[in-house]
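Derivation of every value follows stated rules applied to the coordinates shown; laboratory data play no part. Because the structure is predicted, anything quoted here is derived from the model rather than measured. When we count neighbours, we look across all protein chains shown, and the Cβ atoms used for this are built from the backbone with ideal geometry, even at glycine.
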Amino acid sequence: MKILLHHPPREAALKGPKKVLQVLRELEILPDTVLVIRGEELIAEDEIVDDSDTIEVRPVISGG
Amino acid sequence: MRCRKCSAKAIIRLPRHNTAFCTPCFSEYVTDQVQRAIKGDRMFGHTEGVAVAVSGGKDSLVLWEILSRLGYRTLGLHIDLGIGEYSQISQRKVEAFAQARNLPFVVHSLRETHGAGITEIAEGVHRPPCSACGVIKRYNMNAIASQHGMPVLATGHNLDDEASRLLGNVLHWQDDYLDKQSPVLPNSHPKLVRKVKPLYRLAEREIAAWAVLQKIDYIVDECPNSVGSKMFVYKDALNRLENAAPGTKHQFYFQFLDRQKARAQVSPLEPNLRECASCGQPSTAEICSYCKLVGTLQREAEPALKVLT
């Protein structure tokens with residue numbers, strides 16, 4: 001799967017299929033600090049991400 | 001994962017409430033939390049105009065969307081900080097959002113007012129950018145809201161913002177700031193508008209999720225000047241605690257508010273405000289922070305800025 005990350009913008013790749021939560025664990029990202037978006041849809045942490053998927057891991061933390 | 005309310009497929013889990021929601025139930029939850037804040041804390045009524053501070057980020061655009069959907073009369077206030085491409089994109093997001101919904105807004109440009117963006121202003125007055133930005137935003141938001149006859153100024157501060165700010169204030173025992181950290185700051189002077197934070201019951205992630213579900217196009221990039229900000233350090237610390245013990249942020253902030261209310265009943269805060277000798281706006285000192293900053297800028301930086309331009 002292709003993973004689009006922010007701050008700075010970059011790409012990562014992981015082998016699928018995997019649950020969203022597992023993807024975040026492997027990327028060492030706390031689930032509460034990001035949203036995972038496939039296409040334009042928000043996907044829950046128990047969704048399966050396949051090898052052919054592209055997902056965006058969008059941070060939700062702002063400077064305040 | 002199933003929605004705890006209707007058993008449909010859930011799209012988001014909220015560990016701090018030990019629950020999960022589908023899209024319609026989550027949307028209802030978000031709107032309910034905002035209404036609960038507005039009504040429970042007596043922030044404003046439907047007859048009052050509400051100025052909404054809009055940066056183009058998720059929180060302010062979500063706030064504006066919810067308030068307008070709830071039927072409040074709103075006016076968007078955007079400050080163009082003059083930070084290159086970041087400010088241009090931010091303003092375009094605000095304009096596109098407002099135009100698509102036919103909502104009124106005003107833009108205050110720092111370059112038009114001072115001939116410089118916030119980065120140069122901060123350098124000119126020898127202050128960290130976030131500190132100079134805070135002074136300029138607070139002053140102008142109040143003044144512009146007041147000029148447009150809006151008695152209330154709403155900002156998009158969320159639970160994470162408030163909990164991290166509380167952590168920073170407690171770590172440094174900033175008693176003055178602790179006293180003023182509240183979802184509602186009454187207008188303690190005729191020239192001050194009431195300042196409210198209707199999103200304080202919602203976590204940052206909940207607001208971002210709602211923005212994505214409602215297809216609100218916001219700026220995801222962070223302000224370039226916020227790199228290295230202490231606020232990120234405090235948020236990171238709280239997120240680690242939250243991950244280990246869900247509900248920590250909520251308890252930390254809401255228990256503070258309970259204690260603050262109890263303290264205020266014993267000894268109500270009476271801010272000692274007068275009018276700034278330079279601009280006439282309310283101030284605790286003879287010259288307000290904004291006029292001091294502008295004075296320093298004129299004395300030290302403007303000659304140099306004019307040479308540059």
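Scanning the stretch B:80-110 for residues being more than 17 Å from the chain's Cα centre (by Cα) and assigned to a loop (DSSP other than H, G, I, E, B) gives a total of 5. Residues that are under 14 Å from B:Y290 (Cβ atoms) and touching a helix residue (DSSP H, G or I) at 6+ places or on another chain (Cβ under 6 Å) within the stretch B:130-169 comprise B:A132, B:C133, B:V135, B:Y139, listed in sequence order. Could you check how many residues of the stretch B:195-252 are farther than 23 Å from A:E28 by Cα and of a type in the set (D, E, K, R)? Number satisfying all stated conditions: 5. Filter the stretch A:16-45 down to the residues that are of a type in the set (G, A, S) and in contact with a strand residue (DSSP E or B) (Cβ under 8 Å, 6 or more places away or on another chain) and list them by number. Once the filter is applied, which keeps residues that are of a type in the set (G, A, S) and in contact with a strand residue (DSSP E or B) (Cβ under 8 Å, 6 or more places away or on another chain), the stretch A:16-45 yields A:G16, A:A44. For the stretch B:183-222, the set of residues classified as within 14 Å of another protein chain (Cβ to nearest Cβ) and among the aliphatic types (A, V, I, L, M) consists of B:L199, B:L202, B:A203, B:I207, B:A208, B:A209, B:A211, B:V212, B:L213, B:I216, B:I219, B:V220, listed by residue number.
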